[in-house]
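Chemist: The structure's right below; bear with me while I get my questions together.
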Amino acid sequence: MRLPRGVLREALIDVDAITENVRHLRTLTGSQIIAVVKADGYGHGALRAALAALEGGATRIGVSDIDEALALRRAGLRAPLFAWLHAPGASFTEAVRHDVELGISDLDQLQRAGEAFAGGRPASVHLKIETGLSRNGIAPDQWRTVFSEAARLERIGRLRVIGVFSHLSNTSLDDDRAALARFEEGVALAAAAGLNPPLRHIAATNAALTLPEARLGCVRIGIGLYGVSPVADRTAADLGLRPAMTLRGAVAAVRRVPAGTGVSYGYDYRTERDTTLVLVPLGYADGVPRQASGRGPVSIGGRRFTVAGRIAMDQFVVDVGDHPVALGDEVVLFGDPTLGVPSARDWADAADTIDYEIVTRVGARVPRREVEA
């Protein structure tokens, strides 16, 4: 297979896979889906991923920060939209004006949300409570104070409490069950303060799949949207998910060399015999992890090879031996392994990281092209 003429590199995004993954997870969990498209949809394109997720039945879209949320609003997204990580002292007025729901992690944020009353529209908030991850979230010793103030602001029409939420560590089932128990304590205190939000959510993809009692009728699905498994001992296919991204490049040069030829910076790799080297125009500027030098797998013409030598900023080399390769031939770095190509997890293993990072770090100069199955 060859890439389109003039194309060096591209990421193919299978939007049908995102839609089907959401449908599958809705059925599996029996829960509302908050589809998380932060970090430009984990590298897949935030608007593209949001629309595909909504097509699959997601009821709400989640992003990390207000800027991400407002970008989606400017792009025309009208679905319920939720952002939870805020700069210190940030104004919430524009978010409220554009009907962006706010994650609230402390009393100051709550009070600023109550002050962001815009054009008769109260702020819509999800109260995040700390249950053991030690990141943001309302500290347990502040639960009563914040819940009481949230109830007061709701009574006077300054805000609406849409949800109470938290996040799990995925350390072990025991650790997650302990955090879930703390969460339930927090929900009970919120109810005692007069709050009755329609949503409770603590499970992201991992817990949604592995801890049914954490589903609570609403789950936040991030990495699962994109067909990447968050479970160490189970593949995406094991979980009924289909990877949405295929990263590929076109062979940019083919060179026949003798034994003993050094390859790339530092000559970490030298050819052991007469062989063919091919140049792949993707590098660490495109998100290909340099840590995978000498280990990253690729597929060319249906055969698997390994990066030879160091990955550079814009390119890397593959030793294909005597395998016939021509200029413009397709080189697949990762995609759907059921089709015989490497997976994002294969690259994560080669780089000593996680597959979340592999898909999310694909750089902006790699064009994304939508495809359908």
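Chemist: Here is a check on your reading of the model: is ALA236 touching a residue at least 60 places away in the same chain (Cβ under 8 Å), buried (at least 19 other Cβ atoms within 10 Å of the Cβ), in a helix (DSSP H, G or I) and not acidic (Asp, Glu)?
Modeler: no
Chemist: I need a count of the residues in segment 335-373 that are crowded, with 18+ Cβ neighbours inside 10 Å, more than 17 Å from LEU225 (Cα to Cα) and in contact with a helix residue (DSSP H, G or I) (Cβ under 6 Å, 6 or more places away or on another chain).
Modeler: 5
Chemist: Just to verify a result, which residue in segment 292-345, among those that are aliphatic (A, V, I, L, M) and part of a helix (DSSP H, G or I), is nearest to ARG273 (Cα to Cα)?
Modeler: Filtering first and then ranking leaves ALA292.
Chemist: Tell me which residues, restricted to segment 210-233, are part of a helix (DSSP H, G or I) and not aliphatic (A, V, I, L, M).
Modeler: Result: THR210, PRO212, GLU213, GLY224, TYR226.
Chemist: Mind listing whichever residues of segment 301-329 are touching a residue at least 40 places away in the same chain (Cβ under 8 Å), open to solvent by 20 Å² or more (accessible area, probe 1.4 Å) and either under 15 Å from VAL257 (Cα atoms) or within 26 Å of the chain's Cα centre (by Cα) (or both)?
Modeler: GLN315, VAL317, ASP319, ASP322, HIS323, VAL325 - these are the residues of segment 301-329 that are touching a residue at least 40 places away in the same chain (Cβ under 8 Å), open to solvent by 20 Å² or more (accessible area, probe 1.4 Å) and either under 15 Å from VAL257 (Cα atoms) or within 26 Å of the chain's Cα centre (by Cα) (or both).
Chemist: Report whether or not THR261 is at pLDDT 95 or above and either open to solvent by 10 Å² or more (accessible area, probe 1.4 Å) or on the phi > 0 side of the Ramachandran plot (or both).
Modeler: Taking the combined requirement at face value, the residue satisfies it.
Chemist: Another one. With the requirement that a residue be in a loop (DSSP other than H, G, I, E, B), open to solvent by less than 40 Å² (accessible area, probe 1.4 Å) and free of Cβ contacts under 8 Å to residues at least 60 places away in the same chain, what does segment 49-68 give you?
Modeler: Step one: filter segment 49-68 for residues in a loop (DSSP other than H, G, I, E, B), giving 56-59, 64-65.
Within this subset, residues satisfying the condition of being open to solvent by less than 40 Å² (accessible area, probe 1.4 Å) are 56-58, 64.
Hits for segment 49-68 are GLY56, GLY57, SER64.
Chemist: If you go through segment 239-258 one residue at a time, how many are assigned to a loop (DSSP other than H, G, I, E, B) and surrounded by 17 or more Cβ atoms within 10 Å (Cβ to Cβ)?
Modeler: 7
Chemist: Would you be able to tell me the number of residues in segment 182-202 that are in a loop (DSSP other than H, G, I, E, B), farther than 13 Å from PHE165 by Cβ and out of contact with any helix residue (DSSP H, G or I) (no Cβ under 8 Å at 6 or more places or on another chain)?
Modeler: Residues flagged as in a loop (DSSP other than H, G, I, E, B), farther than 13 Å from PHE165 by Cβ and out of contact with any helix residue (DSSP H, G or I) (no Cβ under 8 Å at 6 or more places or on another chain) within segment 182-202 amount to 1.
Chemist: If I filter segment 268-300 down to residues being free of Cβ contacts under 8 Å to residues at least 40 places away in the same chain and open to solvent by less than 70 Å² (accessible area, probe 1.4 Å), which single residue comes out as nearest to ARG365 (Cα to Cα)?
Modeler: Going through the qualifying residues, I end up with GLY283.
Chemist: Here are some conditions: (1) touching a residue at least 12 places away in the same chain (Cβ under 8 Å); (2) part of a loop (DSSP other than H, G, I, E, B); (3) of a type in the set (Lys, Arg). ARG78 meets all but one. Which one does it not meet?
Modeler: Status for ARG78: all satisfied but (1).
Chemist: Only one residue in ALA71, ALA46 is aliphatic (A, V, I, L, M), open to solvent by 10 Å² or more (accessible area, probe 1.4 Å) and more than 21 Å from SER229 (Cα to Cα). Which one?
Modeler: It is ALA71.
Chemist: Would you pick out the residues in segment 82-127 that are outside any loop (DSSP other than H, G, I, E, B), within 15 Å of ARG160 (Cβ to Cβ), open to solvent by less than 10 Å² (accessible area, probe 1.4 Å) and aliphatic (A, V, I, L, M)?
Modeler: Hits for segment 82-127 are ALA95, VAL96, VAL100, LEU102, ILE104, LEU110, ALA113, ALA123, VAL125, LEU127.
Chemist: What are the residues in segment 200-214 that are open to solvent by 40 Å² or more (accessible area, probe 1.4 Å) and either charged (D, E, K, R) or in contact with a Pro (Cβ under 8 Å, 6 or more places away or on another chain) (or both), if any? Spell out the reasoning first.
Modeler: Start the filter on segment 200-214 by keeping residues that are open to solvent by 40 Å² or more (accessible area, probe 1.4 Å), which leaves 200, 210, 212-213.
Within segment 200-214, ARG200, GLU213 qualify.
Chemist: A further question follows. Return the total of residues in segment 243-261 being in contact (Cβ under 8 Å) with a residue 40 or more places away in the chain and not polar (S, T, N, Q).
Modeler: From segment 243-261, those in contact (Cβ under 8 Å) with a residue 40 or more places away in the chain are 243-254; that's our starting set.
Next, from what is left, pick out any that are not polar (S, T, N, Q): 243-245, 247-254.
Final tally of qualifying residues: 11.
Chemist: Tell me, yes or no, whether segment 6-19 has at least one residue that is out of contact with any Asp or Glu (no Cβ under 7 Å at 6 or more places or on another chain), polar (S, T, N, Q) and either within 26 Å of ARG361 (Cα to Cα) or not in a helix (DSSP H, G or I) (or both).
Modeler: no
Chemist: Go through segment 143-181 and give me each residue that's open to solvent by 70 Å² or more (accessible area, probe 1.4 Å), in contact with a Lys or Arg (Cβ under 9 Å, 6 or more places away or on another chain) and assigned to a helix (DSSP H, G or I).
Modeler: ARG152
Chemist: Shifting gears a bit: Taking LEU81 as meeting all but one of (1) out of contact with any strand residue (DSSP E or B) (no Cβ under 6 Å at 6 or more places or on another chain); (2) farther than 23 Å from LEU247 by Cβ, write down the number of the exception.
Modeler: Only one criterion in (1) out of contact with any strand residue (DSSP E or B) (no Cβ under 6 Å at 6 or more places or on another chain); (2) farther than 23 Å from LEU247 by Cβ is unmet by LEU81, namely (1).
The values are calculated or read from the model by the stated rules, or taken from the named source; none is laboratory data. Just so we're clear, the structure is a prediction, and the values are computed from it rather than from any experiment. Reconstructed Cβ throughout: ideal geometry from the backbone, glycine too, with neighbour counts over all protein chains shown. The protein model used for the area step is the full one, side chains on, heavy atoms only, and it has no ligands, DNA or RNA in it. Shrake-Rupley method; radii C 1.70, N 1.55, O 1.52, S 1.80 Å.
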